[in-house]
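One structure is given below, encoded as structure tokens.
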Amino acid sequence: MADLSPIDLQKALKGADYPAAKDDLVSVARSNGADDGLVKKLSETGTERFDGPNEVQKAVFGNE
């Protein structure tokens, strides 16, 4: 995948309800047509549950 951006992540997770389990967010991303690379990166985060989109972004991108 080209450069993964926070905007790509936001689009992929549109409609997600929080708090959310990682598996639920992966499902939402897939149903929103997210790039395979984004789905893979999300599924490989070490966090199992997220309280909001900011936590997801930190898990996927680190402290960029």
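The values are calculated or read from the model by the stated rules, or taken from the named source; none is laboratory data. Only a predicted model underlies this, so the values are computations on that prediction, with no experimental measurement involved. For neighbour counting, all protein chains shown are included, and Cβ atoms are generated from backbone atoms with ideal geometry for every residue, glycine included. All accessible areas refer to the heavy atoms of the entire protein, side chains included, with ligands and DNA or RNA removed. Shrake-Rupley method; radii C 1.70, N 1.55, O 1.52, S 1.80 Å.
Computed values, structure above
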| read-out | value |
| --- | --- |
| Matching residues, the stretch 7-27, being under 9 Å from the mean Cα position of the chain (by Cα) and open to solvent by less than 50 Å² (accessible area, probe 1.4 Å) | Leu9, Ala12, Leu13, Lys22, Leu25, Val26 |
| Members of the stretch 3-34 that are in a helix (DSSP H, G or I), hydrophobic (A, V, I, L, M, F, W, C) and farther than 11 Å from Val60 by Cβ | Ile7, Val26, Val28 |
| Residues being more than 14 Å from Gln10 (Cα to Cα) and under 8 Å from the mean Cα position of the chain (by Cα) - total across the stretch 28-40 | 0 |
| Per-region count, the stretch 47-62, residues β-branched (Val, Ile, Thr) and over 9 Å from the mean Cα position of the chain (by Cα) | 1 |
| Count of residues meeting criterion [assigned to a loop (DSSP other than H, G, I, E, B) and open to solvent by 20 Å² or more (accessible area, probe 1.4 Å)] in the stretch 35-60 | 6 |
| Residues of the stretch 31-64 satisfying the condition of being in contact with a helix residue (DSSP H, G or I) (Cβ under 6 Å, 6 or more places away or on another chain) and of a type outside the set (A, V, I, L, M) | Asn32, Lys41, Ser43, Thr45, Thr47, Glu48, Phe50, Gln57 |
